[in-house]
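The values are calculated or read from the model by the stated rules, or taken from the named source; none is laboratory data. Small disclaimer: the values here were computed from a predicted structure and weren't measured. FYI the Cβ positions are ideal-geometry reconstructions off the backbone, even for glycines, and counts take in every protein chain you see.
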Amino acid sequence: MVTDHASRPTAARGPGLPASITPALLERLTAQVSAAPDASRVTTSAPYTGVPLADFPVSTPEDVEAAFARARIAQKAWAATPIEERKKILLRYHDLVLARQDEALDLMQAENGKTRRDAFLEVVDIGIVSRYYARNAAKYLGPKRRRGAIPLLTHTTELRHPKGVVTVISPWNYPLSMAASDTIAALMAGNAVVQKPDTQTALTALWSMDLMYEAGLPAGVWQMVIGRGSSIGGTLMDNADYMMFTGSTASGRKIAGDAGRRLIGASLELGGKNAMIVLDDADIEKAADGAVAACFPSAGQLCVSIERLYVAESIRDEFIAAFTARTKNLKIGAAYDYSIDVGSLTTPSQLETVAEHVDDAVAKGATVLAGGKARPDLGPLFYEPTILTDVTPDMTLYDHETFGPVVSVYSYRDIDEAISLANATPYGLNGSVWTRNGARGRAVAARVHAGTVNVNEAFAAAWGSIDAPMGGMGDSGLGRRHGADGILKYTEPQTIAHQRIQGFTPPARISPETWATLLTGALKVLKAAGVR
Ligand code: NAD
């Protein structure tokens, strides 16, 4: 919860803040926000308890302009820094994140309310992403020889220049992953970054930036501003050379329109209504474990989590029994250790949406197989992991993203029906297919309209395959993170073609007709010789 006025939420039951979150740490991190000394302040509260957590200065549009001015100067030297140097900094950052992970885990849990297990996956993610781009950036960014217009006579090279200063806008649901992973790629490509993390989870984002500076990033190359999109969003857009946005589809549409008016590139990682398909030959026990892992991480506040589950009619009852039993056994609660399975929602508005969606479905005839209610006894924002059946198109959660620990289970008769149900959404972010037959699973996966599809995994297999692109089709976004796409999008390609000896203009002593005949002959020879 974020309050920018005097009212303070009252303390609720739940653990106090961990010892690592000291006033000195809060002071050090919040001092790194690009804002004037007399800036107004905004206070966040801890989801587990509702007690105040951190007090941030709020950046004004002028502060954002100043951050861009500093970033522009710093970026020039950074772009000229050899890629080997950038690589060393990123590998040091990798080591620092792993060594100091407990600080990050405490911050993520305190700001977001997730479990330590869910938070740890973010540490793993950043480890993988930083190693990958440290070790592969030179391959992607280095000059490439390309086939010239005239073989042997045209020497053609493709160069990759950084865009300049990239704006990164990151959400609150994965405070470390979302704050750092897209920024790492932008930095490795030689850009500076001005970032607006969601205020609710800005401590983790600032911690990550602080560590990158400790690893050796030169001053000014990465800057953080804090504020509402309605106040500083325009300035963040007007100054950007490229926009990296992660958030809802509604916000993404606006950002895309603004980027279009400015004619800058934008990468948009947006919402989803992801489907899991359990085929009739699936290992039911494994699929039930997979469904738990797919639906309830970070209390379902995960863009790639599953909210629709389609199971073959022949195994429906057996699967539902196994999935429901596991879900009812999950341990919900708040603890700064690895003992908990499902944590808290992050904001009151998330709790409101989840409760509204479930209540609406139940009022219209849905059956609750597990969960279905808030748990104020555990903390102000807890909601039970919930499984629904008998969900119909008139219910809001049938086709709207809930972004909470709620899944609707349906059955299907044949695979064509399963595919058409899974694809009956404007979204297309992630999918999951369960089967004992890998080849069959991959064939079904290829028919799912989604940017990533996992076979016998929920989302981690595709997300963690960092060498391959990750992102959404349809209303789930534009552009991709990870792999070559995830770094090349932050560059401007440039083609340098050096023509030697003879160009396309006929030499003085050859008539245009003869020249045309010669070139026609040359084209035939090139084709016959198998030249691509
Ligand atoms: P949101 O769009 O409301 O806000 C996300 C962030 O963007 C916030 O910090 C907000 O302040 C900022 N913002 C919004 N409009 C802005 C503008 N015009 N200018 C500057 N900043 C602006 O999203 P949310 O509800 O907070 O986040 C949850 C959504 O994010 C879900 O729909 C989820 O699926 C999606 N998400 C997608 C991915 C992905 O990789 N595809 C990852 C995480 C979350």
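Details
- Flag: Lys328 matches the condition of being surrounded by fewer than 24 Cβ atoms within 10 Å (Cβ to Cβ), in contact (Cβ under 8 Å) with a residue 40 or more places away in the chain and either outside the structural domain of Asp377 (by TED's automatic domain parsing) or more than 16 Å from the ligand (Cβ to nearest atom) (or both).
- Pick from the range 218-242, criterion surrounded by fewer than 22 Cβ atoms within 10 Å (Cβ to Cβ) and not in a helix (DSSP H, G or I), ranking: nearest to the ligand (Cβ to nearest atom): Arg228
- Strands (runs of 3 or more DSSP E) within the range 118-213 that include 2 or more residues within 16 Å of the ligand (Cβ to nearest atom) and either touching an Asp or Glu at 6+ places or on another chain (Cβ under 8 Å) or more than 13 Å from Met224 (Cα to Cα) (or both): 165-170
- Residues of the range 1-43 classified as closer than 30 Å to Arg375 by Cα, among the polar types (S, T, N, Q) and modelled with pLDDT of 75 or more, total: 3
- Scanning the range 518-532 for residues that are more than 20 Å from Thr505 (Cα to Cα) and part of a helix (DSSP H, G or I) gives Lys527, Ala528.
- Restricting the range 243-271 to residues that are of a type outside the set (A, V, I, L, M) and not in a helix (DSSP H, G or I) leaves a set whose member that is farthest from the ligand (Cβ to nearest atom) is Gly265.
- Matching residues, the range 515-532, being surrounded by 12 or more Cβ atoms within 10 Å (Cβ to Cβ) and of a type in the set (S, T, N, Q): Thr517
- Considering the range 273-291, and only residues there that are free of Cβ contacts under 8 Å to residues at least 60 places away in the same chain and hydrophobic (A, V, I, L, M, F, W, C), the residue that is nearest to Pro426 (Cα to Cα) turns out to be Ala288.
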